[in-house]
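J.: The structure that follows is given in the form of structure tokens.
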Amino acid sequence: MAKLAGESTEECVTVSPEDIKRVKAFGFLHCKGTDRFNGRIITRNGKITAAESKCISEAAQKFGNGELAMTTRLTIEVQGIPYNQIEPFRAYVAQEGLYTGGTGSKVRPVVSCKGTTCQYGLIDTFALSEELHRRFFEGYSQVKLPHKFKIAVGGCPNNCVKPDLNDLGIIGQRAPQLDEDLCRGCTKCVTASACPISASALSEGKLSFGDDCNSCGRCIGKCPFHALENGAAGYKIYIGGRWGKKTAEGHALSRRFTSEQEVYDVVEKAILLFREQGKTGERFADTIARIGFDEVERQLLGNELLERKAEILGAELHLVGGATC
């Protein structure tokens, strides 16, 4: 007979709480009331190959209940793996270079939209996310943080993966650059009409852009007189977003970043700042609120944190877990 919600099922569980906690660190989450687990396979950037998909499906049949679930962080969970099959499962998927994880107070799997192939995408989201994965999910896998640290990459201001609701979010942008000499101030401006949020209009006989322009780039190339052929490509970075029991909207850094290296540097500085100045158990949003956004931005735009990288990573911090939100 099926258990009712909230009804105790502890009599069905023989795996010890210590072992449940131990395998969670490897990405195996306990299926309540059973001795089975969901194995969380990391996808790097939400994209897998056909060979990887075949391997995961075979592993689900061999070691799980044959079912797969997609997580909100674009990882894949193989359902219903018995406790004694966890290690054989890990060895099987490792044949295709796959591994499990994605839990704990550290950098979590990077989430990416499909901006690389999307008609609105302004940056190569898959490549950027895969490099972020390599540098920070893998490269910082042994670095303990005050709490989880989530990164999301969006290809345009449509914000499909909600970058501003992550601890750090990156959004591709393309700021319009008007050639005023070619702008004829047409009574019916095709370019202004192309703006999906009505952020541009004619002003004193020339096209102008309001403060609400989000640099989506949709207007670029629309002018029949070629007054708006170019746009400044770049990245907008938000920090301190959070979705969950307590929500917080991220704040945008004042600069638009123009190179991938600048993005990598800011991400690394944010992680270092959180590790050093965050209190164990608090999310990055709380650290920013406590320190002050202006001070956090000053540190992220400077170089001091990177200069002290070895010192920050070598400090014994956050040895006792415990989330406060």
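J.: Can you tell which of Tyr83, Gly66, Val23 lies farthest toward the positive end of the dipole of the range 12-94, using +1 and -1 charges on the Cβ of basic and acidic side chains (Lys, Arg; Asp, Glu)?
T.: It is Val23.
J.: What is the dipole size for the chain, taken about its Cα centre, with +1 at each Lys and Arg Cβ and -1 at each Asp and Glu Cβ, in debye to the nearest 20?
T.: Here the size comes out at about 540 debye.
J.: Could you line up Val78, Val110 from fewest to most neighbouring Cβ atoms inside 10 Å?
T.: Val78, Val110
J.: Run the paramagnetic zone check for Arg290: 7 angstrom along Cα to Cβ, then residues of the range 238-269 with backbone nitrogen under 18 Å.
T.: Under 18 Å, as judged by backbone N against the label point of Arg290, lie 240-242, 246-248 of the range 238-269.
J.: Mind sorting Lys106, Lys246 by how few other Cβ atoms lie within 10 Å of their own Cβ, fewest first?
T.: Ascending number of Cβ neighbours within 10 Å: Lys246, Lys106.
J.: Also: Just add up the charged neighbours of Arg44: K/R +1, D/E -1, any other residue whose Cβ is under 11 Å from the Cβ of Arg44.
T.: Net of charged neighbours comes to -2.
J.: Gly154: net charge of surrounding residues, Cβ under 11 Å, Lys/Arg +1, Asp/Glu -1, itself excluded?
T.: Surrounding charge for Gly154 is +2.
J.: Using a Cα distance threshold of under 21 Å, what count of lysine pairs results for the range 228-325 when pairs must be 8 or more residues apart or interchain?
T.: Lysine pairs meeting both conditions in the range 228-325 amount to 6.
J.: Round to the nearest 0.05 the FRET efficiency obtained for Ala252 and Thr187 when R0 = 41 Å and r is the Cβ-Cβ distance.
T.: 0.70
J.: Take every Cα pair under 8 Å in the range 180-228 that's 6+ residues apart, average their separations, divide by the length, and report that relative contact order as a whole percent.
T.: It rounds to 43 percent for the range 180-228.
J.: When you take every Cα atom in the chain, what is the radius of gyration, and what is Dmax, the widest Cα pair distance, in Å?
T.: 23.3, 78
Bear in mind these aren't lab numbers, they're just calculated from the coordinates by the rules spelled out. What you see is a predicted model; the values in this text were computed from it and never measured. Please note: Cβ atoms are built from the backbone with ideal geometry, for glycine as well, and neighbour counts cover all protein chains shown.
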